[in-house]
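First up is the structure itself, then whatever we jot down about it.
The values are calculated or read from the model by the stated rules, or taken from the named source; none is laboratory data. Bear in mind that the values here come from a model prediction, so they are computed numbers and not experimental data. Note: ideal-geometry Cβ built from the backbone for every residue, glycine included; neighbour counts use all protein chains shown. In case anyone asks, the SASA skips ligands and DNA or RNA and just uses the protein heavy atoms, side chains included. Shrake-Rupley method; radii C 1.70, N 1.55, O 1.52, S 1.80 Å.
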Amino acid sequence: MKYKSRWVLLLTVVLLGLQAKAQGIDGTWNGVLDVPQMKLNIVFHFQTDGKGKTTCTMDSPDQGAKGIPAEVELLTADSVAVGIPAFGIQYAATVSGDEIKGTFTQMGYPFPLTLKRGEPEVKRPQTPVPPYLYTTEEVTFTNPDDGAVLSGTLTYPTGYGTAFFKRPVPVVLMVTGSGPQNRDEEIFMHKPFLVIADYLARSGIASLRYDDRGTGLSTGDAVKATTQTFANDAAAGLDFLRKTGKFASVGILGHSEGGTICFVLGAEKKVDFAVSLAGTAVKGIDIILEQNRTALRMTGQSDNIDKEELLVKLKEQQSPWLDYFVEYDPTNAIRATHCPVMAINGSMDMQVNAAVNLGGIRKNLPANAKNLIKEYSGLNHLFQHAKTGMATEYSQIEETISEEVLKDMADWILKTGV
C-alpha cells in the first residue's frame, strides 16, 4: 500500500504538471502577420478541459474569418505547434510568459508571428456603440419567389414616434455588395452600414439593413443565387417598408453590387429615389477585366490580359452568380430609371473604376433635376481616404467611411425623399 500510494502520488503530480502547462497557454492570443502588401491580425483561442485536453481555434478578423478549427499538435511548458490542414497552415513557436514567438507557415511560405495575450486592438472610431439615441426594431420579411426569410434591423430617426416628432420621414433599404455579408456589411472589422444607419438616424432618416440570404439570421439558398435573386430579396424588403405605412417615401441605398441593384429596382419603378455607392454601369466581364489589369499595374506587371481567355477561365468556375454577373449589362436598367438618383464613387476605387462607371451613368441616366453624380477625390471602394486604393489597405485604415460622403447622402435624401 505504501508503494502504491507513492506511485499514485507521483502520477498525480505528473498529471497536474501537464495540466498546468496546458492551462498556462489558455485564453486568447493575438499578433500581426506581415505578408506581402498587407498586415493581417491573427488570433488564437486556446482552451483546456477538465481532462487536460487543449483545443484551439483561429480567427483572421481582417478577412472576416472566425472560429477556424485548429489542431494542437504539440504543447509543452515552453513550446506549441498548431496546424490547420484545410488551409495548409502551421504555427510552431516557443512560449515565454505572456509571449508566444514563432513561425506561421501557409502553403510552404513562412512568416514570423509573435503573439501577445488578449484580443487585438483595432481602432474603428466611427462604429457607434449603444445606448443609441434612437429606436431600432428587429424585423423579418420574405421573398415570395422561394420563401427566403430575410432578417434585419429597422432604425428610426432620433425622436421618431414622440410628440415632438410628427412629420413623416424617408426610409432607405440598404443593400450590400457581392459575397455573403451581414446587415452591417461588415468587412475587415469595419461596419459601414451600421455607421450609415446611425448617421441617417441622427439626421432624420430611417433605414432597414438586413443579412444577406443564407447569412446571419437570414435563410435562403445563396449558392445558386444571382444578382437578380438578390434584387428580388431587396424588392421584398421595399414591399415590406411600403406596407408599414410609416414613411413619406421609400428609397434604396446600395453599395457595389447593391449599387447595381439600385438601377434594377429603379427601372422596375419600385423606389422613390436611389443612392448608388460604387454601382456598376458596364458589363460584368469588363468590371473583372479592369480589376485584374489594375491589380497587375499596381504590382508593376504587364496588364496585358486577353478578354476571351479570361471569360473562359471565369466560366470554368461553374458559379451561377459569376455566370450571371459576367454577362449582365446594367445599361438598359440605368436608361429605364427615372426616379432621382445619387450615384457616387471614389477616384481611388480599384474595384469599380470611377471614370468608367460614373461616365456610363452620366451617359445613360435619364435627365432629372434632382440627380447627383459625383466622384470623390482620394476615396477607395469603401469610401475611405486611401493611399493606394487597393483592397489590401482596407483593414489598415481606421476610417470606415468619409464624413463628407455621409453628410452628402443625408442632405440629398432629405431634399429628395420627403
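Residues in the stretch 99-119 that are over 25 Å from the mean Cα position of the chain (by Cα), surrounded by 12 or more Cβ atoms within 10 Å (Cβ to Cβ) and farther than 15 Å from Leu40 by Cα: Glu99, Ile100, Lys101, Gly102, Arg117. Among the residues of the stretch 127-158, the ones that are among the charged types (D, E, K, R) and not in a loop (DSSP other than H, G, I, E, B) come to 2 in all.
For (1) in contact (Cβ under 8 Å) with a residue 24 or more places away in the chain; (2) surrounded by 13 or more Cβ atoms within 10 Å (Cβ to Cβ); (3) of a type outside the set (Lys, Arg), each residue gets a yes or a no:
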site	(1), (2), (3)
Arg124	yes, yes, no
Glu137	no, no, yes
Thr142	yes, yes, yes
Leu154	yes, yes, yes
Met174	yes, yes, yes
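On the basis of being open to solvent by 30 Å² or more (accessible area, probe 1.4 Å), within 21 Å of Asp221 (Cβ to Cβ), touching a residue at least 40 places away in the same chain (Cβ under 8 Å) and of a type outside the set (Val, Ile, Thr), does Pro168 make the cut? The answer is no for Pro168. Scanning the stretch 31-53 for residues that are out of contact with any Leu (no Cβ under 6 Å at 6 or more places or on another chain) and part of a strand (DSSP E or B) returns Val32, Asp34, Val35, Met38, Lys39, Asn41, Val43, Phe44, His45, Phe46, Gln47, Thr48. Note on the stretch 164-189: residues that are in contact with a helix residue (DSSP H, G or I) (Cβ under 8 Å, 6 or more places away or on another chain) and either modelled with pLDDT of 95 or more or of a type in the set (A, V, I, L, M, F, W, C) (or both) amount to 14.
Residues that are within 19 Å of His381 (Cα to Cα), modelled with pLDDT of 95 or more, basic (Lys, Arg) and not in a helix (DSSP H, G or I): does the stretch 274-290 have at least one? Checked the stretch 274-290: at least one residue is within 19 Å of His381 (Cα to Cα), modelled with pLDDT of 95 or more, basic (Lys, Arg) and not in a helix (DSSP H, G or I).
Table: residues versus (1) within 20 Å of Val149 (Cβ to Cβ); (2) part of a loop (DSSP other than H, G, I, E, B); (3) open to solvent by less than 10 Å² (accessible area, probe 1.4 Å).
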residue: Leu200; (1), (2), (3): no, no, yes
residue: Asp212; (1), (2), (3): yes, yes, no
residue: Thr219; (1), (2), (3): yes, yes, no
residue: Ala231; (1), (2), (3): yes, no, yes
residue: Leu241; (1), (2), (3): yes, no, yes
residue: Leu253; (1), (2), (3): no, no, yes
residue: Gly258; (1), (2), (3): yes, no, yes
residue: Phe263; (1), (2), (3): no, no, yes
residue: Gly266; (1), (2), (3): no, no, yes
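Restricting attention to the stretch 300-347, report how many residues are assigned to a loop (DSSP other than H, G, I, E, B), surrounded by fewer than 21 Cβ atoms within 10 Å (Cβ to Cβ) and in contact (Cβ under 8 Å) with a residue 24 or more places away in the chain. Step through it out loud before you land on a result.
Taking the stretch 300-347 as the starting set, the residues that turn out to be assigned to a loop (DSSP other than H, G, I, E, B) are 300-306, 316-319, 328-330, 336-340, 347.
Cutting the leftovers down to surrounded by fewer than 21 Cβ atoms within 10 Å (Cβ to Cβ) gives us 300-306, 316-319, 328-329, 336, 338, 347.
Now drop any that are not in contact (Cβ under 8 Å) with a residue 24 or more places away in the chain, which leaves 328-329, 336, 338, 347.
Looking only at that region, the number is 5.
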